[in-house]
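Here is the structure we will look at, set down as structure tokens.
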Amino acid sequence: MDFDFTADQQAIKETAQRFARARVAPGYKLREESGILDRALMREMGALGLIGADLPEEYGGLDLDSVTVGLITEQIAYADFNVASGPLLGALVGQPLAKFGNAEVAGDWIPRMCRGEVMFAIALTEPRGGSDAGGMQLKIRRDGEHYVVSGEKTSISFADQADAVLLLGRTSDEGARGVTALFVPLDLPGIERTRFDDMGQICAGRGSLFFDETPVAVSNRVGEEGLGFSQVMQGLDYSRALIGLQCLAAAQASVDETWNYVCEREAFGRPIVKFEGVSAPLAEADTLLGAARLLCYKTLWLRDRARPHTAEAAMCKWWCPKTSFEIIHKCLLLHGHYGYSRDFPHQQRLRDVLGYQIGDGTEQIQKLVVAREKVGKIAIPYV
């Protein structure tokens, strides 16, 4: 087994790392205070090829592999958890748009996204069916050369900042087979946005989108009518591994900072790192982070080889956010009363990471996915 990254992957990782430490990290706290992801920063990322790196060259991407996107995501998230959502959503929305979307629509939007000029969001969740994605109620009806969209989507990252959204809604009553995907520019008539007052991920923001008879051109359909659920949901296995790396990177930043702190902080005439009650939790944290990181990269490696990886992706999604939260919490406590201050980033990372124990699939749902992949539908309680 070879655990080395290629020379090209290592070069992109180093580019992302330099950019993240120099340009992204200093603004982590300030971006939370503003509640806005700076578009100028996104354009800088785009110029370096750090957004949409896995998308086809014809659409402005670099046509690189999933592992490379993981490396980029991890390095950016080490500096700012929220900024890493830019390339993550670029991959999640850009892939189905490039693969299943209209060539003209993809050719217009994806290159601008790769350059950091526009931002994408994805709208799956509805108020009455968070985990039941197949039970969505938002209505999409055909009217000539347009679809007309009516209903609400909620819990959407960048709901009030994105320029376009990949939206799933119902075109028939045939369960998951009646769900269609549309790529919707958010300057169309009949769209209203709200923003939630959340405790974390404030720079990215989260909110709802309301559609009131919104006309969307048929050319903006992504995939075949009625097949949106199966085509778009395939991408969630990809995003779950990236989310895992996003969370682990935030935890790794806290661990690295805490190692430095406990080597300098003294008590009873010696550095506190000499006490096992201090060093042992950090050693355990680095162990868990190393193991979880390998799981995420294995998942991306499997995806690059078109091999099954749904179970591994679900493992990434339930384990990495939970483990990262617990590790950041330990780091906060090891800083003593200083760690409780907003002057240190641990409390912000703790709040940011917590959101992914809910969003994009809860721990309980992910464990059901793992069980289904192991023993089949007999493990699903509602079948």
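The values are calculated or read from the model by the stated rules, or taken from the named source; none is laboratory data. All figures in this text were calculated on a predicted structure; none of them were measured in a lab. Neighbour counts are summed over all protein chains in view; Cβ atoms, including those assigned to glycine, are modelled from backbone coordinates with ideal geometry.
Filtered by the rule that a residue be of a type outside the set (Ser, Thr, Tyr) and buried (at least 24 other Cβ atoms within 10 Å of the Cβ), the stretch 72-87 gives 72, 74, 75, 76, 77, 80, 81, 82, 83, 84, 86, 87. Sort out which residues of the stretch 184-229 are exposed (fewer than 15 other Cβ atoms within 10 Å of the Cβ) and among the hydroxyl-bearing types (Ser, Thr, Tyr), and write them in order of number. Correct list: 194, 219. The criterion of at least 3 residues that are within 23 Å of residue 108 (Cβ to Cβ) is met, among helices (runs of 4 or more DSSP H) falling completely within the stretch 17-86, by 39-47. Examine the stretch 239-255 for a residue that is β-branched (Val, Ile, Thr), assigned to a helix (DSSP H, G or I) and more than 23 Å from residue 91 (Cα to Cα), and state whether such a residue exists. So far as the stretch 239-255 goes, yes, one or more of its residues are β-branched (Val, Ile, Thr), assigned to a helix (DSSP H, G or I) and more than 23 Å from residue 91 (Cα to Cα). The single condition from (1) of a type in the set (Ser, Thr, Tyr); (2) in contact with a helix residue (DSSP H, G or I) (Cβ under 6 Å, 6 or more places away or on another chain); (3) surrounded by fewer than 20 Cβ atoms within 10 Å (Cβ to Cβ) that residue 180 fails is (3).
Taking the options 205, 144, 175, 129, name whichever one is in contact with a strand residue (DSSP E or B) (Cβ under 8 Å, 6 or more places away or on another chain), modelled with pLDDT under 95 and not charged (D, E, K, R). After applying the criteria, what remains is 205.
Checking residue 361 against (1) outside any helix (DSSP H, G or I); (2) surrounded by fewer than 18 Cβ atoms within 10 Å (Cβ to Cβ), which test does it fail? Result: residue 361 fails condition (2) only.
Report, by residue number, each residue of the stretch 267-298 that is surrounded by 12 or more Cβ atoms within 10 Å (Cβ to Cβ), of a type outside the set (A, V, I, L, M, F, W, C) and not in a helix (DSSP H, G or I). Scanning the stretch 267-298 gives a single hit, 271. Taking the stretch 304-319, which residues are crowded, with 21+ Cβ neighbours inside 10 Å and among the charged types (D, E, K, R)? Within the stretch 304-319, 312, 317 qualify. A search for C-beta distances below 8 Å between a residue of the stretch 304-317 that is closer than 15 Å to residue 67 by Cα and any residue that is modelled with pLDDT under 95 and of a type in the set (Asp, Glu), counting only pairs 6+ apart in sequence or on different chains, returns 309/237; 313/237. Being hydroxyl-bearing (Ser, Thr, Tyr), more than 16 Å from the chain's Cα centre (by Cα) and part of a helix (DSSP H, G or I) is the filter here; which residues of the stretch 310-358 pass it? Listed by number, the residues that qualify are 310, 323, 338. Residues in the stretch 48-61 include at least one that is in contact with an Asp or Glu (Cβ under 6 Å, 6 or more places away or on another chain) and either in the same structural domain as residue 244 (by TED's automatic domain parsing) or not basic (Lys, Arg) (or both). Quick check: anything in the stretch 108-126 more than 17 Å from the chain's Cα centre (by Cα) and among the hydroxyl-bearing types (Ser, Thr, Tyr)? No, every residue in the stretch 108-126 fails to be more than 17 Å from the chain's Cα centre (by Cα) and among the hydroxyl-bearing types (Ser, Thr, Tyr).
Scan the stretch 236-246 and tell me whether some residue there is touching a Gly at 6+ places or on another chain (Cβ under 9 Å), of a type in the set (Lys, Arg), within 30 Å of residue 178 (Cβ to Cβ) and outside the structural domain of residue 95 (by TED's automatic domain parsing). Yes: the stretch 236-246 contains one or more residues that are touching a Gly at 6+ places or on another chain (Cβ under 9 Å), of a type in the set (Lys, Arg), within 30 Å of residue 178 (Cβ to Cβ) and outside the structural domain of residue 95 (by TED's automatic domain parsing). Here 104, 58, 44, 14 are screened, and the one residue that is surrounded by fewer than 17 Cβ atoms within 10 Å (Cβ to Cβ), more than 27 Å from residue 298 (Cα to Cα), out of contact with any strand residue (DSSP E or B) (no Cβ under 6 Å at 6 or more places or on another chain) and without any contact (Cβ under 8 Å) to a residue 60 or more places away in the chain is 58. Pick from the stretch 320-338 the residues that are touching a Gly at 6+ places or on another chain (Cβ under 9 Å) and surrounded by 22 or more Cβ atoms within 10 Å (Cβ to Cβ): which of them is farthest from residue 248 (Cα to Cα)? Going through the qualifying residues, I end up with 331.
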